[in-house]
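A.B. asks: Here's a structure for you.
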Amino acid sequence: MKMLKNFPVIIFILFFSAILGATVYYAPGWGLMDDCQNLGRASAVLHSPSPVQEFLKNVWGDAIGWGIFRPVYHLWIITVYNLFARMPTAIYILMALINMCSLLIWGRVFCSFYNVKKENSQLGAYLFPLSFFLFTPFWNIFMYISLQEKFVVLFSALSFYFFKKSYEVASNRLVPFTFLFLILGLFSKPTTLCLALVYIVFALLDCLLFKIRPALSLVYLAISGILAVAYTTFTFKIQIHGQYTASYGHNLKPMILIGKILAANLIIKFLFLLGIVSVLFHIIKFILTKDKNDVFGVLLPLGLLGFLTLLMPWGYQSYLLCDLAPFVLGIFFPLYIWLIGRNTFSRCSVNAAFLVLISAVLIGLILPRISKMGEITKTEDFLKSRSLQYRHSRYLLLPPYSESAYALNGFTSEDIAYLADGKIDETFLTDKGNNYLLVNDQCSKIRMNGVRLAEEIYSNKTWQIYSLAIDKNYTGEFKPLFKNNLIQEIKTTLRNL
């Protein structure tokens, strides 16, 4: 009976153990750590005569040069790349710990927002957060050391927790904690500014409609407004001129933004609709029932809409969508609680279906993604061994991620060129040696003019390398194909809708 009572905790631990076990199993092959230039940055700070001054120099240089002020991210990089430079497996285990803790905090937040009864609290706090993995972009925060979204997910949950708690205790003493974690998230990735906008909207709703703690809401309205204006001013004065963020500014034009929405896939359009409908649902429900028990649930669709709006100028690349998982799945939390509370049959059926889904994602998506890290290292090792026999080789890498080219170059010292526009001709080839096309399972198709594939010289489950030959009469396209399991095929189909 006690085991049945702790069933959600046991499932959570088993799921986490499977992730850690797979990480350790494939660890001997893990040599690639993304954004390899961070190794040099971390070492430079550690060995500097004045580490603090060097750290601040890196942070400010990042803000004016790259266009992102993110001291929390730099602190993370300096710490993990110095402590675990020769033990990359330890970093991935640490990331898994951080991210699984984030899930538990989000579970508590959901239960708090909807005043979940004690008998359902463990299901809400331990089992339901595993649903984040059903939103497949979420897994990126486990796989990439440099991805700042992991901190956005963590600090957003903590900020929300203290926001709700401050209304419960009817005191201003918890307000600093709400904004402490908001600012920590903001200093990890600028998209956390979304939370300030969410608090502004909620405070206005409370003052005009909900009437929970209007005086406290005015405090949140004032502080959130000041923070939003200050950070926006800083962005347009400093950050927007940086190399990376400049493209964000260039896209802040009405027609471009409309084009981004129209070009977005069906999933993104559905998420916009989901957020709008959910906000309206909470407002209309309150107007009809005057029930204040779950009005904090409106924070989740507001957060979803806020993040989607802030990401609009960038577009909606998969790794940028990690932050959305708690907000997307959180919208369905009250439905889950309602279903498991109806009767025993409904409770068992819903949780059984839930376990089948997350098990399918674990086996079909998560474990293959972990093994993929070992395949990257096998590809690196092949490039290193080949360089001993074939000197002056050039490898051309397909889009979409230029970071992969920089990382491979850094870890193999080979000539890795990134084909930003997805086409290749004779001008890309070197006449000093051999030329190769390097592709992985994320690469898009390539247009070839005057150059053709000669032969495949290497392949594994997610990487292929082809030698290239000049053929002035050849014009065509090439799309790398890799074998996917059923779950991966379903994910790809949904993504491409």
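A.B. asks: Could you check VAL356 against (1) of a type outside the set (Phe, Trp, Tyr); (2) touching a residue at least 12 places away in the same chain (Cβ under 8 Å); (3) within 23 Å of THR492 (Cα to Cα) and say which number it fails?
C.D. replies: (2)
A.B. asks: Ok, one more. Restricted to region 435-454, and to residues that are open to solvent by less than 30 Å² (accessible area, probe 1.4 Å) and hydrophobic (A, V, I, L, M, F, W, C), which residue is nearest to the chain's Cα centre (by Cα)?
C.D. replies: CYS443
A.B. asks: Is it true that some residue in region 263-276 is assigned to a helix (DSSP H, G or I), touching a Phe, Trp or Tyr at 6+ places or on another chain (Cβ under 6 Å) and hydrophobic (A, V, I, L, M, F, W, C)?
C.D. replies: The answer is yes; a qualifying residue exists.
A.B. asks: Then there's this: Count, please, the residues in region 455-486 that happen to be open to solvent by 60 Å² or more (accessible area, probe 1.4 Å), of a type in the set (A, V, I, L, M) and under 23 Å from GLU380 (Cβ atoms).
C.D. replies: Within region 455-486, residues that are open to solvent by 60 Å² or more (accessible area, probe 1.4 Å), of a type in the set (A, V, I, L, M) and under 23 Å from GLU380 (Cβ atoms) number 1.
A.B. asks: Considering (1) open to solvent by less than 20 Å² (accessible area, probe 1.4 Å); (2) in a strand (DSSP E or B), say which one ALA417 fails and leave the rest.
C.D. replies: (1)
A.B. asks: May I pose another question? Starting from region 6-33, keep only residues that are under 19 Å from ALA90 (Cα atoms) and at pLDDT below 80, then list their pairs with residues that are open to solvent by less than 50 Å² (accessible area, probe 1.4 Å) and polar (S, T, N, Q) whose Cβ atoms are within a distance under 7 Å, requiring at least 6 positions of separation or different chains.
C.D. replies: From residues that are under 19 Å from ALA90 (Cα atoms) and at pLDDT below 80, the pairs are TYR26/SER371; ALA27/THR89; GLY29/THR377; TRP30/THR89; TRP30/THR377; GLY31/THR377; LEU32/THR377.
A.B. asks: Being open to solvent by less than 40 Å² (accessible area, probe 1.4 Å), under 17 Å from VAL72 (Cα atoms) and more than 26 Å from the chain's Cα centre (by Cα) is the filter here, so list the residues in region 43-61 that pass it.
C.D. replies: Of everything in region 43-61, just one residue is open to solvent by less than 40 Å² (accessible area, probe 1.4 Å), under 17 Å from VAL72 (Cα atoms) and more than 26 Å from the chain's Cα centre (by Cα), namely VAL45.
A.B. asks: So ALA90 fits all but one of (1) free of Cβ contacts under 8 Å to residues at least 40 places away in the same chain; (2) touching a Leu at 6+ places or on another chain (Cβ under 6 Å); (3) hydrophobic (A, V, I, L, M, F, W, C); what number is the exception?
C.D. replies: For ALA90, the exception is condition (2).
A.B. asks: What number of residues in region 74-87 are touching a helix residue (DSSP H, G or I) at 6+ places or on another chain (Cβ under 6 Å) and free of Cβ contacts under 8 Å to residues at least 40 places away in the same chain?
C.D. replies: 3
A.B. asks: What are the pairs, 6+ residues apart or on separate chains, where a residue within region 225-241 that is closer than 14 Å to GLY67 by Cβ has its Cβ under 7 Å from a residue that is outside any helix (DSSP H, G or I) and of a type in the set (A, V, I, L, M, F, W, C)?
C.D. replies: GLN239/ILE68; GLN239/PHE69
A.B. asks: Let me ask something else about it. Helices (runs of 4 or more DSSP H) wholly in region 277-350 with at least 1 residues that are surrounded by fewer than 21 Cβ atoms within 10 Å (Cβ to Cβ) and in contact (Cβ under 8 Å) with a residue 12 or more places away in the chain - which ones?
C.D. replies: Passing ranges, in order: 299-311, 333-340.
A.B. asks: Let me ask you something else. Checking the condition closer than 27 Å to TYR316 by Cα, open to solvent by less than 70 Å² (accessible area, probe 1.4 Å), modelled with pLDDT of 95 or more and not hydrophobic (A, V, I, L, M, F, W, C), which residue from SER247, SER217, SER224 passes?
C.D. replies: Selected residue: SER224, the only one of SER247, SER217, SER224 that is closer than 27 Å to TYR316 by Cα, open to solvent by less than 70 Å² (accessible area, probe 1.4 Å), modelled with pLDDT of 95 or more and not hydrophobic (A, V, I, L, M, F, W, C).
A.B. asks: Among the residues of region 249-262, how many are over 30 Å from THR493 (Cβ atoms) and either assigned to a helix (DSSP H, G or I) or of a type in the set (A, V, I, L, M) (or both)?
C.D. replies: Qualifying residue count, region 249-262: 5.
A.B. asks: Okay, moving on. Can you tell me which residue in region 250-293 is modelled with the highest pLDDT, limited to those that are of a type in the set (Lys, Arg) and closer than 18 Å to LEU310 by Cβ?
C.D. replies: Taking the candidates together, the pick is LYS269.
A.B. asks: I would also like to ask the following. Sort through LYS378, LYS432 and tell me the only one that's open to solvent by 70 Å² or more (accessible area, probe 1.4 Å), within 18 Å of PHE482 (Cα to Cα) and touching a residue at least 40 places away in the same chain (Cβ under 8 Å).
C.D. replies: Residue meeting the stated conditions: LYS378.
A.B. asks: Only one of (1) within 25 Å of LEU94 (Cβ to Cβ); (2) β-branched (Val, Ile, Thr); (3) surrounded by fewer than 20 Cβ atoms within 10 Å (Cβ to Cβ) is not met by VAL175, so which one is it?
C.D. replies: Evaluating VAL175 over (1) within 25 Å of LEU94 (Cβ to Cβ); (2) β-branched (Val, Ile, Thr); (3) surrounded by fewer than 20 Cβ atoms within 10 Å (Cβ to Cβ) leaves (1) as the failure.
A.B. asks: Which residues, counting only those in region 383-419, are within 14 Å of ASN434 (Cβ to Cβ), touching a residue at least 12 places away in the same chain (Cβ under 8 Å) and not charged (D, E, K, R)?
C.D. replies: LEU383, SER387, TYR390, HIS392, SER393, TYR395, LEU396, ILE416, ALA417
The values are calculated or read from the model by the stated rules, or taken from the named source; none is laboratory data. Keep in mind that this is a model prediction, so the values were computed, not measured. Glycine gets a Cβ as well: all are built from the backbone with ideal geometry, and neighbour counts include every protein chain shown. Keep in mind that these areas ignore ligands, DNA and RNA; they rest on the heavy atoms of the full protein, side chains included. Shrake-Rupley method; radii C 1.70, N 1.55, O 1.52, S 1.80 Å.
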